[in-house]
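Data block below; observations after.
The values are calculated or read from the model by the stated rules, or taken from the named source; none is laboratory data. The structure presented is a predicted model; accordingly, all values stated were derived computationally and were not measured. With ideal geometry, Cβ positions are generated from the backbone for all residues, glycine too; neighbour counts draw on all protein chains shown. These area figures cover heavy atoms from the full protein model, side chains too; ligands, DNA and RNA do not enter into them. Shrake-Rupley method; radii C 1.70, N 1.55, O 1.52, S 1.80 Å.
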Amino acid sequence: MRAGIETNTFRYVEGILHSYERYPRLISNRKEEIMHPYRETDSNIGGGSSGLISNETERMATKLVTDKRLMELERQFQAVNAALNRANEATRRIVELYYIKKPRLVTWEGVAQKVGYSSRQCRRIRDNFIEELAEELGLK
């Protein structure tokens, strides 16, 4: 176990951090999928009435509010934002250099050199940050 959490959980949270910059686009794309779904043409002319909500605006609002995938993307994005906002400057810089900044041009040695800590201390700081983020996400 790393940072007091299971290895799989640790890697899952790392994946969220690696994807952090893509979240606004992922959220926007999901909203577009919900608002403009693919519809097959209906060959059943004169069929019965549908059980769907007839008000298009109300139906879209309901779908946007109840979509589990969209809610999870927004929750993860907000959790990372909250964790980054709570983190001190050094922690934020370490996380940004190693996970968020694309393309990543530095190893842990490079991160350590830029922030003035040892690479081991940078990994400890990262471990603590990931543990806090896992707790924020309800994974711990």
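Could you please tell me which pairs satisfy a Cβ distance under 6 Å, a separation of 6+ or placement on different chains, a first residue in region 15-30 that is closer than 15 Å to residue 70 by Cβ, and a second residue that is of a type in the set (A, V, I, L, M) and open to solvent by less than 40 Å² (accessible area, probe 1.4 Å)?
Qualifying pairs under 6 Å: 26/73; 27/73; 30/70.
When only residues in region 68-114 that are more than 19 Å from residue 136 (Cβ to Cβ) and outside any helix (DSSP H, G or I) count, which is least open to solvent (accessible area, probe 1.4 Å)?
In this case the residue turns out to be 106.
Being over 15 Å from residue 21 (Cα atoms), in a helix (DSSP H, G or I), without any contact (Cβ under 8 Å) to a residue 12 or more places away in the chain and under 16 Å from the mean Cα position of the chain (by Cα) narrows it down to one of 135, 131, so name that one.
Exactly one of 135, 131 is over 15 Å from residue 21 (Cα atoms), in a helix (DSSP H, G or I), without any contact (Cβ under 8 Å) to a residue 12 or more places away in the chain and under 16 Å from the mean Cα position of the chain (by Cα), namely 135.
Open to solvent by 20 Å² or more (accessible area, probe 1.4 Å), modelled with pLDDT of 95 or more and aromatic (Phe, Trp, Tyr) - does that describe any residue in region 119-139?
no
Suppose we keep only residues that are over 18 Å from residue 82 (Cβ atoms) and surrounded by 18 or more Cβ atoms within 10 Å (Cβ to Cβ) within region 10-35. Which one would you say is modelled with the highest pLDDT?
Per the stated criteria, the residue is 10.
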